[in-house]
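The values are calculated or read from the model by the stated rules, or taken from the named source; none is laboratory data. Note that the structure is predicted; figures quoted are calculated from it, not measured. With ideal geometry, Cβ positions are generated from the backbone for all residues, glycine too; neighbour counts draw on all protein chains shown. Note: accessible area is taken over every heavy atom of the protein model, side chains too, but ligands, DNA and RNA are not part of it. Shrake-Rupley method; radii C 1.70, N 1.55, O 1.52, S 1.80 Å.
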Amino acid sequence: MADANQTKERRREVNELLVDTFNSILRVEEDALKNRLTRGLTISEIHTIHAIGLDGASPMNVVASRLGVTLATLTASIGKLVTKGFVTRTRSEADRRQVLVSLTKEGRKAYRAHELFHREMVDEALDGLTPEEEDAFARGLLKVKTFFEEHVEK
């Protein structure tokens, strides 16, 4: 009976840790968006910029897939990012039905600022862990990520 209670308590603690960590990451990321390169962007918009990437023009359906959103949802987001000057939208020369999106100069700056934020966040979060602890953490996090990805509605 003690083992069942300990397991139940440990799982409750893990749940709280997951929820609290997720919320903390969101707050830290929101604060990071207040810099001059990303000011005025929402977290959703910066993630859209990240999904477009630096590799040139990306088809809208590919970006929507990367984000796990519908094409209609992405279309609304892209419209806002075009208005804000972070993204351009063009038609494919090969297939005029296909819409391509790419980052403007300002969009590339925002992308790089967000990348730097994530690198620094991870560096600071893992600071003080031994290589073995880092490896164990990464393996555990991969298992948690895999679980959530398998349970997302497709």
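Looking at (1) within 27 Å of residue 149 (Cα to Cα); (2) surrounded by 12 or more Cβ atoms within 10 Å (Cβ to Cβ); (3) small (Gly, Ala, Ser), which is the only condition residue 24 fails?
The failed condition is (2).
Quick one: is residue 152 within 21 Å of residue 64 (Cβ to Cβ) and either in contact (Cβ under 8 Å) with a residue 12 or more places away in the chain or part of a helix (DSSP H, G or I) (or both)?
yes
Of the conditions (1) closer than 20 Å to residue 37 by Cα; (2) part of a helix (DSSP H, G or I), residue 101 fails just one. Which one is it?
Condition (2) is where residue 101 drops out.
Mind listing whichever residues of the range 52-87 are of a type in the set (Gly, Ala, Ser) and free of Cβ contacts under 8 Å to residues at least 40 places away in the same chain?
Scanning the range 52-87 gives 64, 65, 72, 76, 77, 79, 85.
Quick check on the range 136-148. Is at least one of its residues modelled with pLDDT of 95 or more, open to solvent by 50 Å² or more (accessible area, probe 1.4 Å), within 20 Å of the chain's Cα centre (by Cα) and among the charged types (D, E, K, R)?
Looking for residues that are modelled with pLDDT of 95 or more, open to solvent by 50 Å² or more (accessible area, probe 1.4 Å), within 20 Å of the chain's Cα centre (by Cα) and among the charged types (D, E, K, R), one finds at least one in the range 136-148, hence yes.
Among the hydroxyl-bearing types (Ser, Thr, Tyr) and either touching a strand residue (DSSP E or B) at 6+ places or on another chain (Cβ under 9 Å) or assigned to a loop (DSSP other than H, G, I, E, B) (or both) - does that describe any residue in the range 19-26?
No, every residue in the range 19-26 fails to be among the hydroxyl-bearing types (Ser, Thr, Tyr) and either touching a strand residue (DSSP E or B) at 6+ places or on another chain (Cβ under 9 Å) or assigned to a loop (DSSP other than H, G, I, E, B) (or both).
State the number of residues belonging to the range 109-132 that are open to solvent by less than 90 Å² (accessible area, probe 1.4 Å), under 21 Å from residue 22 (Cβ atoms) and over 18 Å from the mean Cα position of the chain (by Cα).
The total comes to 2.
Considering only the range 49-89, state which residues are over 25 Å from residue 39 (Cα atoms) and of a type in the set (S, T, N, Q).
Matches in the range 49-89: 61, 65, 70.
If you take the residues in the range 77-98 that are within 15 Å of residue 64 (Cβ to Cβ) and part of a strand (DSSP E or B), which one is farthest from the chain's Cα centre (by Cα)?
Among those residues, the one meeting the criterion is 89.
Pairs under 7 Å by beta carbon, first residue within 17 Å of residue 119 (Cα to Cα) and modelled with pLDDT of 85 or more in the range 32-47, partner of a type outside the set (S, T, N, Q) and open to solvent by 70 Å² or more (accessible area, probe 1.4 Å), six or more apart or different chains?
These pairs meet every condition: 43/30.
Is at least one residue of the range 78-100 open to solvent by less than 80 Å² (accessible area, probe 1.4 Å), among the hydroxyl-bearing types (Ser, Thr, Tyr) and at pLDDT below 95?
yes
Between 5, 61, 35, which is surrounded by 10 or more Cβ atoms within 10 Å (Cβ to Cβ) and in a helix (DSSP H, G or I)?
61
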